[in-house]
Every structure is written in structure tokens, then in C-alpha cells.
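Report on the following structure.
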Amino acid sequence: MDIKLRKDDKKFISNSDDVYAIMQRILLRDNKIDREKEHFWIIGMNQLGYILYIELISLGSIRETPAEPMNVYRVAVMKNATQVIAIHNHPSGSMLPSEADKDVTDKLIQVGRILNIELYDHLIISTTDYLSFRNIGLMRQLESSLKYVPTYQIIEQIRKEEQTIAKEAIEGEKKQTQ
């Protein structure tokens, strides 16, 4: 479901406060019953940070909502987004990311790398507050995670590091013998 922005909604994202301001109004527009369920949205942007679309990916239950990478990036590919921001609400009001929240973010980062679409941030929101994975350093941590990196990429990375170490060792020996 594509979500339409109002005339007074900001069309450019410069930080997580901008994202929250837009998404809080969208969450408040939902009827009260749906606010008690988890929603998962994606904001697709161009390279300069202008919003191309806001899409509701899934509407779940009180405790969770599925976010399959295929569904998240399907629209991004069709609308030529170069970066996306994931947003989901916690009806409980808790802003703490669960292990499932971290896992889905990790998966989305890896799939985004393959598609050359950056997952810029993931926000957990309520009607009164939000938490940005980027602002608390969690995006940086997940971007360096190897949990969902395809095995062949890890092997390539290890081989490159081995070659670098071998070259440095050879150069070190040459300097010692001179």
C-alpha cells in the first residue's frame, strides 16, 4: 500500500527527526485498532535524499510483523530508489530493538548491498517517541556483521587479507636483508 504525503509533509530527508515527523503522522492517521498492531514501512529515496515513495510492507500482530527482504526491495527496484529507510512501530511503546529487529536489519543490509541499494537507517517508532539504529550506532555494528553475508564473499575477503599479509611479510623480509 503506497502512502501519500500531504502538501505540508517534507519531501527531503536530512535526519531521523524528519523521518519520525512524517511517520508519526502516518501512524496517527491509522485507525486505533491498527495502531495496536506492528506495521513495517519503507521510505525509498533517491541519491540526494528526496522521498520517492513510502510503502507499507506488512501489517502484523501485536508482537511482530514480517519483513521479507524480497518484499522490502521489490518496490525500491521498481521505483529506482538508491537508498531506503526501514520503519516499524512497537505498539507496547518500548523503543528497545529486539533480536528479531536486529536480524531483519542485518538481512536487509546484506540484500541491499547485493542490489546496490543502501539501507540507510531503521527506526522503531511509537506515537510519542522513536529510536534510530543509526543514531545509537547499531547500524554501524550491523553493517560490519558477517552473520548474513554469503559464504563466498567471506572467503573472497579472507583471501584478499591473506594476500595483503603475505605481501607485507615479503616486503618486511626484503627490508631486513638489505
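Here the Gaussian network model covers the chain, with springs between Cα atoms less than 10 Å apart; of 81, 166, 21, 166 fluctuates the most.
For the chain, what is the mean residue ellipticity at 222 nm derived from helices alone (per DSSP H run of n ≥ 4: -39500 (n - 2.57); sum divided by total residues; nearest 500 deg cm²/dmol)? All intermediate terms of the calculation are to be shown ahead of the outcome.
Details: 6 runs with 78 residues, N = 178.
My calculation for the chain gives -14000 deg cm²/dmol from helical runs alone.
Against the chain, whose longest principal axis is taken from its Cα atoms, helix 16-29 shows a tilt of about 30°. Which of (i) 76, 32, 26; (ii) 54, 37, 36; (iii) 117, 33, 27 is the computed Cα extents along the principal axes in Å for the structure on display? Matching entry in (i) 76, 32, 26; (ii) 54, 37, 36; (iii) 117, 33, 27: (i).
What's the angle, to the nearest 10 degrees (0 to 90), between helix 69-78's Cα axis and the longest principal axis of the chain? The answer is roughly 80 degrees.
Treating only the Cβ of Lys, Arg, Asp and Glu as charged (+1, +1, -1, -1), what charge dipole size does the range 46-178 show about its Cα centre? Round to the nearest 20 debye. Provide the component values of the computation, followed by the final result.
Values: 14 positive and 17 negative charges, 50 e Å.
That gives the range 46-178 a dipole magnitude of about 240 debye.
By DSSP, the beta bridges lying fully in the chain are antiparallel in about 70 percent of cases. For a 31 Å ceiling on Cα separation, which of these pairs sit above it: 79/147; 11/147; 79/160; 37/107; 147/174? In this structure, 11/147; 79/160; 147/174 exceed 31 Å between Cα atoms.
Ranking 51, 139, 40 by how far each Cα lies toward the positive end of the dipole of the range 38-178 (charges on Cβ) leaves 51 at the top.
Roughly how many percent of the accessible protein surface of the chain is carbon and sulfur, given a 1.4 Å probe and a whole-percent answer?
Details: 5670 of 10680 Å².
The value for the chain is 53 percent carbon and sulfur by accessible area.
Selection among 115, 80, 128 by position relative to the dipole of the range 13-144 gives 80 as farthest towards the positive end (Cβ unit charges, Cα centre).
Taking all protein chains into account, the per residue accessible area for the chain stands at 60 Å² (1.4 Å probe).
Using only alpha carbon pairs under 8 Å that are at least six residues apart, calculate the relative contact order of the chain and give it in whole percent.
Numbers: 242 pairs, mean separation 33.1, N = 178.
Averaging sequence separation for qualifying contacts and normalising by length gives 19 percent for the chain.
Note on the chain: with a GNM built from Cα contacts shorter than 10 Å, the maximum mean-square fluctuation among 153, 83, 141 falls on 153.
For the chain, the longest principal axis of the Cα atoms and the long axis of helix 151-177 meet at an angle of about 30 degrees. Compare 87, 124, 136 in a GNM of the chain, Cα atoms joined below 10 Å, and give the one with the largest fluctuation. With Cα springs under 10 Å in the chain, the top fluctuation among 87, 124, 136 is at 136.
The values are calculated or read from the model by the stated rules, or taken from the named source; none is laboratory data. Only a predicted model underlies this, so the values are computations on that prediction, with no experimental measurement involved. Note that we place each Cβ from the backbone using ideal geometry, even for glycine, and neighbour counts take in every protein chain shown. The area values use the complete protein model at the heavy-atom level, side chains included, leaving out ligands, DNA and RNA. Shrake-Rupley method; radii C 1.70, N 1.55, O 1.52, S 1.80 Å.
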